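The values are calculated or read from the model by the stated rules, or taken from the named source; none is laboratory data. Remember, predicted model here, so these are calculated numbers, not experimental data. Backbone-built Cβ (ideal geometry, glycine too); neighbour counts: all protein chains shown. Surface accessibility is based on the protein's heavy atoms, side chains included, excluding ligands, DNA and RNA. Shrake-Rupley method; radii C 1.70, N 1.55, O 1.52, S 1.80 Å.
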Amino acid sequence: MSVQEGPVLSVVLPVYNEGEAVEPVLRALSAAITTPHELVVVYDFDGDSTVPVVARLAGEIPGLRGLRNDLGRGVLNAMKAGIAGTTAPYVLISMADGSDEPHIVDPMVALARGGADVVAASRYMRGGHQIGGPPLKRLMSRVAGLTLHWFAGVATHDPTNNFKLYSRRFLDTVTIESTAGFELALELTVKATQRGLPVAEIPTTWRDRTAGKSNFKLRKWLPNYLHWYRVAFMSRLGRLAKRR
């Protein structure tokens, strides 16, 4: 019988000057996740205020390490660097601002072990909730998620939420085309749907951050979200045409 070497799950957390605010987030993740895992904090530059906090906690929190993003500054490159800089069979993208729920990570891993290549933490399925956040962003996210689910055949009600788990076998075969930021989650979910890969979801409650400033740039990133929104619908139409 083979023995698993190294972590089963890599939790990738992109950061930008989170400072001491990251400590309770890291401790909560470490306490809640029983799956063998590592916590990989991805930063853009050595002077980031999160770096000394991670260095201080590395001796206390098992599997915690920092990873410098050398692909270019920004959250997209931080997520890409985290994916490339880890080797676990499953990769979870989570935010370092405390908005995501640590206690659902193990159930997400269970769904992935059951065959899902993408596991979405869903705010918009039954049992899911969203607390706080800009009203326009909330409305657009909900409308996009539900229309993609009901009319474009995307298996999750919440394809735009970046709190997602991916199988390494999927990530190793996909070319990331995103160029802006958090639209990466939508891109990967759409591409899994295009390939007919299993996509699962689990309800979550998302809470707007209470410390620091959000790095989400709606106006700048909206065209990139709309691109993958169109791709999803065009793919759906293509699949329907083939059935006729």
Has segment 125-138 got at least one residue that is modelled with pLDDT of 95 or more, open to solvent by less than 20 Å² (accessible area, probe 1.4 Å) and in contact with a Ser or Thr (Cβ under 7 Å, 6 or more places away or on another chain)? yes
Hey, P89 open to solvent by 40 Å² or more (accessible area, probe 1.4 Å), under 14 Å from L165 (Cβ atoms) and touching a residue at least 40 places away in the same chain (Cβ under 8 Å) or not: yes
Among residues of segment 148-159, those that are open to solvent by 20 Å² or more (accessible area, probe 1.4 Å) and either without any contact (Cβ under 8 Å) to a residue 60 or more places away in the chain or under 21 Å from D106 (Cα atoms) (or both), counted: 4
Sole exception among (1) in contact (Cβ under 8 Å) with a residue 40 or more places away in the chain; (2) out of contact with any helix residue (DSSP H, G or I) (no Cβ under 7 Å at 6 or more places or on another chain) for R68, by number: (1)
Listed residues G145, G115; which is in contact (Cβ under 8 Å) with a residue 12 or more places away in the chain and either part of a loop (DSSP other than H, G, I, E, B) or of a type in the set (D, E, K, R) (or both)? G115
Please go through segment 5-51 and pick out each residue that is modelled with pLDDT of 95 or more, open to solvent by 40 Å² or more (accessible area, probe 1.4 Å) and on the phi > 0 side of the Ramachandran plot. N17
